[in-house]
Amino acid sequence: MKYALLIDVNRCSICFACEVACKDEFVGNAYPPYSATQPDVEQEWIKLQEFEKGKYPYVKVYPIPLLCMHCENPPCIKACPVPGAIYKTEDSVVIIDPKKCDTGECSTKPCVKGCPWGVIFFNEESNISQKCTLCIHRLKEGQEPACFDACPSGVFLFGEESEILKEVKKRGARPMNPEYEAGPRVYYIGLPSVTLAGHIIGEQSLMDIPDAKVAITEKKSGSAVSCKSDISGNFVFENLKAGATYSVDVQCRGYKPKTIGNVKLDIEYKHLGDLKLAKATKK
Amino acid sequence: MSVTKNDYSKAVSVLSDVFGSFHSGDNLMKSITPKEIKEIQKEKKIYTSTFGGGVVSTVKNGRVIKTDPLPIPEDVRQYEIKARGKVFTPPRKCLPDMWGHGYRRWIYDPARVRYPLKRVGWEPGGKGKYDNRGLSEFVRISWDEAIDHVTGELKRVKETYGSAAITYMDTFHTTWGTIHGMGTEYTIIPRFLNILGGFTEYTIGTSSWVGWVSGASFMYGFWWANATSEGHDTLADSLQNSRMVVYWAIDPTKSTRMYHGHEMEPWRHWVREAGIKTVMISPEVNDTAVVHADRWIPIFPGYDAAMAAAIMYVWITEGTYDKEYVKTHTVGFEELKDYIVGKEDGIPKTPEWAEKICDVKADTITGLAREWAAGPTTLYCQLSGACRGWYGHEWTRMMVALQTLQGLGKPGVNMVSWGWASGGAPFDKSIRMPGYTTGIKPVETKLYPNPVPQKMHALDVSDCILRPPVKWRGGSTGATYWGEEFFYNYEYPMPGYSEVKMIMRLGGGQILSYSNVNWRVSGYLTPKIETIVIDALFMEPCTWYADIVLPACSDFERNDISMLGCGGLYIPYSGSANHQIALYHKKSIEPMGQSKSDMDIYYSFARKMGIYEQLSEGNTEEDWIKKLFYASSICKYVTYEEFKEKGYYVFPFPEKYEPTPALRWFYEEADGLCTPSGKIELYSQVLADFYGEKNPEIAPVPKFIEPKDGRRSDFAKKYPLTIFVTHPKFRFHTMQENVTWLRKLHKMKGPDGHEYEPAWISGEDAVARGIKQGDIVQIFNDKGKLLAGAHVTERIKPGVVRMFYGANWLPDDRTKPGSLDRGGSANVLTSNEPVSVHAHLHRIEHIMVEVRKWEGQN
Ligand code: SF4
Ligand code: SF4
Ligand code: SF4
């Protein structure tokens, strides 16, 4: 069985239960042959990073849990000079063998540098590299990984790869940094991207307008995308081109259409503020 | 003791060297049989709870090796809420938070007090040295010596000055427990002192519910629940019927965790999954806003009442309030209307008027008002936030008024806090179990009232000690208020009663969780207080200022009984978890070092003083548990032996369940609230009779009142930024401040290696002051000064600085109040002035400050 993991950043409530649960599972507790004990504070096998984009008062926060991606083609294995010190189990969990790693040969920490996501930590005291084991000792007991088990917000979807991939497809998740060609087994929903957002309200009513059709067109290429405003009158376009200029067209039954030309995406999270639609004059 | 990177592993080895790996210091003397050793070596699962939620602890070799979420057995029936074509059920486990997951690290922290200690310089009989409290070293003494000192002093002080010379300061919150922890604090200690002859009560009133008890209660009652209206079945009501949820000055995702963890986090996700729109009104994009709000409306903290008034202006002028309901369910609408439309004072409370005050755009206010009136709206505002600031009672009264104008109690129109206090989920109300502050009350046979009428108020404590006499009005006697208590007059000392000479305390946390730390500490640096005794887990500020320190053990080191997260007597019949779970709280490990349970400590004093029989009524810990078991619903479901063996029991959700959404009865009956008229009193005759119509700090109808020393006052010329001091995320008040796993998550390491407490400052304010991310800054005003790490963010309104209170206080000199605090304890900046003439309560949440980049000069 191969595992995969889907992380929904939009659901994360920044509670850090996952990080602390990983500490509690591993600090002072070794699970041979998979892991030696995690030191008290230095290492964060799962790390929640809060990225903040936008300008007051339109701010977007992306809380992103980062842990080992348990890659299909792990760059860390390629970087490691000791045969078998880092290996993939039959469940495709990437493990650093605490015994084999302890050779004293790696003062340059090649695996730490080799992992493009920086999720390997070198333990200066015991001279070994350490990282997330996907809680393989718990998986063998039929338990979920400790950090997933701790999450109150349903951020993690974990299971058999083919099942997870179905969800990945359905919900448009994507791996972090596909350009590394490492084949990460962790897929994310809601990673930061160049975004254009706005809030549509009635000019007279000042109330939210849901279901307005918003279309944006990139000036240069002419490529266009559209969406509908949500129950609160918000619209969001993600994965746009940084620095590009768009024109924004808003249409809604009962209102006069509105066009905003020349919206330049000068920051990563660009919010147009309140866009007021005037009532259409009755024919 | 400071905690450095390898202290933990060191501490673990020190603990195992000194105490052996599995028994306490006292037990060292006993021999252990091979059978007992085998038993200890076995891996065991103990089902219990922390102040951060329900957990199962894994114990091996006499040590807790980890904690996991408490599981709910597969065959236990759970609640189900059907709403808008969806079915919502909670996960089959408890949801402990970072505090719960970090508990092991906390109880094994090297800063644990492991033996009884005596302060160097303290002498029995009031003969010692007192101006070095806080600074002097402690020496280890035996339990016998400690008990001799404490009981000797109690006796001497009582005989010399009378019982009023003894006071007992309860903590902010302590470990969970019915017999120990909160239970000892609320029942065993007062009982012990009352048997001795009584004590001067140290009145806290409330510090988290300030504006609610002093404001909202006068409108709709609920005195017994600190003005939180009933919460039952509001979750289903909102999911099924509300069109919008307004979060106002509240961050439940971060703050509503105590004693249950993240039990309610799924509820807020369900709100979104049900397609209900949400909005957050707050000075910051708080955690709740990040994940649960469609929109953020930034507002200046403390000015929220102006926005509320303007919302009502829109409704009244556009006729979009529930006119019929207002006629039948309220009194005083005309007076409120006169204020809102400006008939009373010539100022219509228009959105434009409010914009100038609270800095929310008039259009935004008007738009929100119309959205609100467009359909049933849940107002998520109770307990937290703006109620602890300037005239906090006006904001809470405004909140009640808003929902009243929309028909409070109608399907989907409710006020909630969804948490520990009021619950919200479907809940079997027939189940009675002990919880928060219940203590041993239900099973005591003889009660001992306090014969001493004298009180001392936490808000005036240092004035009472240093500069008596002190007079005040209101301020209540305990956790729960009754209306008339606001009008009682008090003085300290009372004629014929002694000033306080001796302080007993349980647990730390008070000095830093209350306002004006520097002033508060000054009260302990005097020979007028001859002896301070504390029963504590850690060396922390309350411990530093004590003379005799007694090592207490944690929840994992003693047995107890409770229901998970239950409000107990404080909030009657509340259940704040997704499952009703009776816990035996079997101890996981033996007490650390020479520590003892809270009850044991007081039992040893009682033995020495010859009042053991009266205090205990012959009950051991186990006897109390058994009696509480038979006094609770749990005894109808399982035998005592089964309960004790298994460690917990999850009450199955009733097969047939009739929801009784909060206040629906009032909506239907239009009468029966605990107010003089039985209706919602938009105009309060009680307040009018006492204060008249023209009191500038409280009127019969809710009003916006300009803060005297707020951002629009002269005070702001010197200190232009509002500091917004909120409940901490990474510690429970002060508890767990020392947990390295949590410090790593938020402290900011300075160039000097010191871990600074972060302060949020807006990009705009930072640029204006030449401050960059990670800079060390000094935050100061007339009350004090501290150092913090600047976290420059767009998540906070320009003009506002945010800190969590409760960080360790590290002044240059602990005997010189006012010296620079490197720990970043935000309450060195707050004022101990009361909320208003009406509410003699803590005003902790806001005050004006200035911030500057710290370059090493004072
Ligand atoms: S994420 Fe890094 S450590 Fe994990 S498998 Fe991939 S390369 Fe190795
Ligand atoms: S899966 Fe296990 S090892 Fe990996 S981060 Fe989570 S808790 Fe830590
Ligand atoms: S436990 Fe879940 S909600 Fe909490 S920080 Fe981690 S991923 Fe986010």
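The values are calculated or read from the model by the stated rules, or taken from the named source; none is laboratory data. This structure is a prediction, so every number in the text was calculated from the model and none was measured. Cβ: placed from backbone, ideal geometry, glycine included. Neighbour counts: every protein chain shown.
Observations on the model:
- Contact map, the stretch A:15-30: first residue free of Cβ contacts under 8 Å to residues at least 60 places away in the same chain and under 19 Å from residue B:732 (Cβ atoms), second residue in a helix (DSSP H, G or I) and more than 16 Å from ligand 1 (Cβ to nearest atom), Cβ cut-off under 7 Å, separation 6 or more or different chains; pairs are A:16/B:98; A:16/B:745; A:23/B:741.
- Residues located in the stretch A:107-124, provided they are more than 14 Å from ligand 1 (Cβ to nearest atom) and buried (at least 17 other Cβ atoms within 10 Å of the Cβ): A:123
- Matching residues, the stretch A:171-191, being part of a loop (DSSP other than H, G, I, E, B) and buried (at least 17 other Cβ atoms within 10 Å of the Cβ): A:173, A:176, A:182, A:184, A:185, A:190, A:191
- When each of B:824, B:806, B:856 is tested for being on the phi > 0 side of the Ramachandran plot and touching a helix residue (DSSP H, G or I) at 6+ places or on another chain (Cβ under 8 Å), the lone residue that passes is B:806.
- Only residues that are away from chain B (no Cβ under 14 Å), under 22 Å from residue A:173 (Cα atoms), out of contact with any strand residue (DSSP E or B) (no Cβ under 6 Å at 6 or more places or on another chain) and within 16 Å of ligand 1 (Cβ to nearest atom) were counted across the stretch A:131-163, and they come to 1.
Residue by residue, here is whether (1) at pLDDT 95 or above; (2) over 23 Å from residue A:13 (Cα atoms) holds:
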{"residue": "A:92", "(1), (2)": "no, yes"}
{"residue": "A:108", "(1), (2)": "no, yes"}
{"residue": "A:121", "(1), (2)": "yes, yes"}
{"residue": "A:134", "(1), (2)": "yes, no"}
{"residue": "A:163", "(1), (2)": "yes, yes"}
{"residue": "A:175", "(1), (2)": "yes, no"}
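- Residues located in the stretch B:255-268, provided they are out of contact with any Phe, Trp or Tyr (no Cβ under 9 Å at 6 or more places or on another chain) and surrounded by fewer than 24 Cβ atoms within 10 Å (Cβ to Cβ): B:255
- Filter result for residue B:846 (of a type outside the set (D, E, K, R) and touching a Pro at 6+ places or on another chain (Cβ under 9 Å)): yes
- Only residues that are touching a Lys or Arg at 6+ places or on another chain (Cβ under 8 Å) and either without any contact (Cβ under 8 Å) to a residue 40 or more places away in the chain or more than 10 Å from chain A (Cβ to nearest Cβ) (or both) were counted across the stretch B:344-379, and they come to 6.
- Only one entry in A:62, A:56 is away from ligand 1 (no atom under 14 Å from the Cβ), touching a Cys at 6+ places or on another chain (Cβ under 9 Å), within 10 Å of chain B (Cβ to nearest Cβ) and not hydrophobic (A, V, I, L, M, F, W, C), namely A:62.
- Scanning the stretch A:20-61 for residues that are more than 13 Å from ligand 3 (Cβ to nearest atom), part of a strand (DSSP E or B) and not acidic (Asp, Glu) gives A:27, A:31, A:35, A:38, A:51, A:53, A:54, A:55, A:58, A:59, A:60.
- Residues (hydrophobic (A, V, I, L, M, F, W, C), within 9 Å of ligand 2 (Cβ to nearest atom) and on the phi < 0 side of the Ramachandran plot) located in the stretch A:122-138: A:132, A:136
- Screening the stretch B:50-166 for helices (runs of 4 or more DSSP H) wholly inside it with 2 or more residues that are over 27 Å from the mean Cα position of the chain (by Cα) returns the ranges B:143-161.
- Taking the stretch B:308-321 as the range and being assigned to a loop (DSSP other than H, G, I, E, B) and out of contact with any helix residue (DSSP H, G or I) (no Cβ under 6 Å at 6 or more places or on another chain) as the test, only B:319 passes.
- Restricting the stretch B:275-292 to residues that are more than 9 Å from chain A (Cβ to nearest Cβ) and more than 15 Å from residue A:52 (Cα to Cα), the residue that is surrounded by the most Cβ atoms within 10 Å (Cβ to Cβ): B:283
- When we screen B:559, B:518 for residues that are in contact (Cβ under 8 Å) with a residue 60 or more places away in the chain, surrounded by fewer than 24 Cβ atoms within 10 Å (Cβ to Cβ) and under 21 Å from residue B:649 (Cα atoms), the only hit is B:559.
- Residues satisfying the stated conditions in the stretch B:740-768, i.e. in a loop (DSSP other than H, G, I, E, B) and touching a strand residue (DSSP E or B) at 6+ places or on another chain (Cβ under 6 Å): B:747, B:750, B:757
- Any chance residue A:53 is more than 14 Å from the chain's Cα centre (by Cα) and either away from ligand 2 (no atom under 11 Å from the Cβ) or among the aromatic types (Phe, Trp, Tyr) (or both): yes
- Taking the criterion of being within 14 Å of another protein chain (Cβ to nearest Cβ) and either out of contact with any strand residue (DSSP E or B) (no Cβ under 6 Å at 6 or more places or on another chain) or small (Gly, Ala, Ser) (or both), the residues of the stretch B:65-85 that qualify are B:74, B:84.
- Within the stretch B:322-392, helices (runs of 4 or more DSSP H) holding 2 or more residues that are assigned by TED's automatic domain parsing to the domain that holds residue B:279, farther than 19 Å from residue A:204 by Cα and modelled with pLDDT of 95 or more: B:323-329, B:333-341, B:351-358
- Taken together, the criteria exclude residue B:316 from residues that are more than 16 Å from ligand 3 (Cβ to nearest atom), buried (at least 24 other Cβ atoms within 10 Å of the Cβ) and β-branched (Val, Ile, Thr).
- Among the conditions (1) more than 26 Å from residue A:108 (Cα to Cα); (2) in contact (Cβ under 8 Å) with a residue 24 or more places away in the chain; (3) more than 13 Å from chain B (Cβ to nearest Cβ); (4) part of a loop (DSSP other than H, G, I, E, B), residue A:90 misses just one, which is (2).
- Applying the criterion of being without any contact (Cβ under 8 Å) to a residue 60 or more places away in the chain and within 13 Å of ligand 2 (Cβ to nearest atom) to the residues of the stretch A:142-169, the residue that is farthest from the chain's Cα centre (by Cα) is A:143.
- Test: residue in the stretch B:235-258 that is facing another protein chain (nearest Cβ under 9 Å) and without any contact (Cβ under 8 Å) to a residue 24 or more places away in the chain: no
- One residue from A:4, A:30, A:21, A:17 being more than 10 Å from every other protein chain (Cβ to nearest Cβ) and buried (at least 18 other Cβ atoms within 10 Å of the Cβ): A:4
- Condition met for residue A:88 (surrounded by fewer than 17 Cβ atoms within 10 Å (Cβ to Cβ) and either within 14 Å of ligand 2 (Cβ to nearest atom) or under 30 Å from the mean Cα position of the chain (by Cα) (or both)): yes
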